[in-house]
Structures are given as structure tokens and as C-alpha cells.
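Peer 1: Sharing a structure with you now.
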Amino acid sequence: MENLSIKFTLGDKITTEQTEFFNKNGFIHFKNFIKPETVNDIIQASLEVQQKWITDQRIKINGIPIKYGRDLDGAAIVQRFAFINQHHPLFAELPNDPRFETLLELIGPGARLGTEEKDGMVLNHYVNGPESKFIQMGWHTDGLRDIFQGQKLNPMLNVGIHLSSLKPENGGLRVLPGTHKQSLYGMLFRKKYFLDNRPDTAEVAIVPEAGDLTIHDGRLWHRVAQSSVTGEESRRRVIYLPIIAGKYTPKHDKSPTAFYQRFAALVK
């Protein structure tokens, strides 16, 4: 039986074994993508962006609402940063890592990193405290936005760079392997988008170490499970960057807030 929790090593090309695993399951987990010192630098850079956005009272970035919350001490924090790559040189440099070019092979010709499209490079900061606004995310697929916007469902992969070492009790990413091959009906109606947080008997927990990288297909059903622990132990950060194909549709500071962003209020 296939080990769905296997962690691969990313080299200068995607191996046949890795391609077959990804194509079958719709996700893949690579270990040790970035070094611990780089993780620390990234976290520090996010705190610098956070302070600036709070000081400037920013509400949206390129039409995408910023998700604010409260830290364990009650201080204001940003819990979801959109387009963070446009707001600090370290995040701007990160996509230049040549290994991202390797990852494009999973889609093939025409694939690109969506640094200027969709929500750009996103950093999510979860903490399970009494005033946190971001502790979990219900079942969803990332491809829904294309359908809402009346667009063709283009290939999309979501690359996650994990900045926290987790145990299963810390919550985190849960995926339903193979659902990237489902029908459009299944993609729309298999679960209640964002409202359904319940565990699924078929789900697989992604349990990363800080510095690991994961990829999941945009059509794959997934959720972010709430941590069963509270306080500092529950804190976790992860970066997401899309790999996309199709028409180039960059966002800018005059971009409207899309219809699907109304669902942001349902994310607790």
C-alpha cells in the first residue's frame, strides 16, 4: 500500500516516482527546501511588513482584504498577508530560487509562478488564542475562484513553504487524495465550501518540519485543521505561492475585490 505521508527530496528535476505520486494523489511533500536560518529571516521579514501595514492602517492589497487578528498578548497582528512578495525584498527574491523552475514541470509548458496574479505570495499566520481570527479553514478547493469569475478552469498548483514544525495535534493542512480528478459537480458540491470543518475518514494530514515544501493541485479538496493545543505551541506560519497557466491576469492597487472574497468572513 502506498505511503501517503512520504517526504521526497527535491533535486534539479522531478523524478518519475515523484511525478507518478503527484499525478495519482494530487499533492506531494518535499523535505528541507529551505534552511532553518532562512526560515528565521522570513519570519522576521513578515514582522516588518506586519508593523508597516498596521502603522499605515492598510485594509487591502491589490483588492485582497488583509486579515487582521489578535496575538496571544492581545496585540494586533496580520494573520493573512496577500502579495507579501511586493512588500519586502526578501519575499521578492524568494521566487527566484531555481528550484521553482523545476516545479513548473508538474504542469508543463506555459506554467509560471503567480507572483503578480490571484493573491500573489500569501503568508498565513495561525495561532490558537482567545482573540485569534484565524485558527482553521474549512474544506475548499483553490479552483473555485476561476469558476466564480466565469473563467476556464486552468491548471493551478499551490506551493506551500512551511515555516513551522508541526505535530498532528498542531492542526494544519489536511487533503483528500485523488479528488483533483473529480468531476466539476464533485468540485462544486462534494462539501460545503469553508463551512464544513469536519474531519474526513479519507483525509491525509500533512505534518511538516520548518523549511519543508508541499504542493497540492488547485482542484484538490483540502482544509486547515484547528490546533488542539492553545497558546504559543499552536503558532504556525506557511507561505503559499501559485503555479498557474493560461491568460496572464496581474493584479494592481486598483483591482476590485472579487466576489469569492466574501467567503473570507467564513474563515474562523
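Peer 1: Any idea how many residues of the stretch 54-106 are in a strand (DSSP E or B) and farther than 28 Å from residue 234 by Cβ?
Peer 2: 0
Peer 1: If you go through the stretch 17-45 one residue at a time, how many are closer than 25 Å to residue 222 by Cα, part of a helix (DSSP H, G or I) and either in contact with a Pro (Cβ under 7 Å, 6 or more places away or on another chain) or hydroxyl-bearing (Ser, Thr, Tyr) (or both)?
Peer 2: 2
Peer 1: Which one of these does residue 115 not meet: (1) open to solvent by less than 50 Å² (accessible area, probe 1.4 Å); (2) over 19 Å from residue 63 (Cα atoms); (3) outside any strand (DSSP E or B); (4) at pLDDT 95 or above?
Peer 2: Looking at each condition in turn, residue 115 falls short on (2).
Peer 1: Something else: List the number of the failed condition for residue 85; all other conditions in (1) in contact with a Ser or Thr (Cβ under 7 Å, 6 or more places away or on another chain); (2) on the phi > 0 side of the Ramachandran plot; (3) not hydroxyl-bearing (Ser, Thr, Tyr) hold.
Peer 2: Result: residue 85 fails condition (2) only.
Peer 1: I would also like to ask the following. Return only the number of the condition from (1) within 25 Å of residue 179 (Cβ to Cβ); (2) modelled with pLDDT under 95 that residue 20 does not satisfy.
Peer 2: Against the list (1) within 25 Å of residue 179 (Cβ to Cβ); (2) modelled with pLDDT under 95, residue 20 comes up short only on (2).
Peer 1: What strands (runs of 3 or more DSSP E), lying completely within the stretch 193-268, carry at least 3 residues that are at pLDDT 95 or above and crowded, with 17+ Cβ neighbours inside 10 Å?
Peer 2: The qualifying strands (runs of 3 or more DSSP E) are 213-217, 236-244.
Peer 1: For the stretch 149-169, enumerate the residues that are within 30 Å of residue 233 (Cβ to Cβ) and modelled with pLDDT of 90 or more.
Peer 2: Listed by number, the residues that qualify are 158, 159, 160, 161, 162, 163, 164, 165, 166.
Peer 1: Output the number of residues of the stretch 163-172 satisfying the condition of being under 18 Å from the mean Cα position of the chain (by Cα) and either in contact (Cβ under 8 Å) with a residue 60 or more places away in the chain or farther than 25 Å from residue 127 by Cα (or both).
Peer 2: 6
Peer 1: Show the residue pairs meeting these rules: Cβ distance below 9 Å; 6+ apart or different chains; first residue within the stretch 20-43 and under 21 Å from residue 5 (Cβ atoms) and without any contact (Cβ under 8 Å) to a residue 60 or more places away in the chain; second residue surrounded by fewer than 20 Cβ atoms within 10 Å (Cβ to Cβ) and of a type outside the set (D, E, K, R).
Peer 2: 21/4; 21/6; 21/8; 23/106
Peer 1: Can you work out which of the residues in the stretch 55-83 that are touching a Gly at 6+ places or on another chain (Cβ under 7 Å) and open to solvent by less than 10 Å² (accessible area, probe 1.4 Å) is nearest to residue 252 (Cα to Cα)?
Peer 2: 83
The values are calculated or read from the model by the stated rules, or taken from the named source; none is laboratory data. In this text the structure is predicted, and so the values were computed from the model without any measurement. Quick reminder, even Gly has a Cβ in these numbers, built from the backbone with ideal geometry, and neighbours come from all protein chains shown. SASA here: full protein model, heavy atoms, side chains in, ligands and nucleic acids out. Shrake-Rupley method; radii C 1.70, N 1.55, O 1.52, S 1.80 Å.
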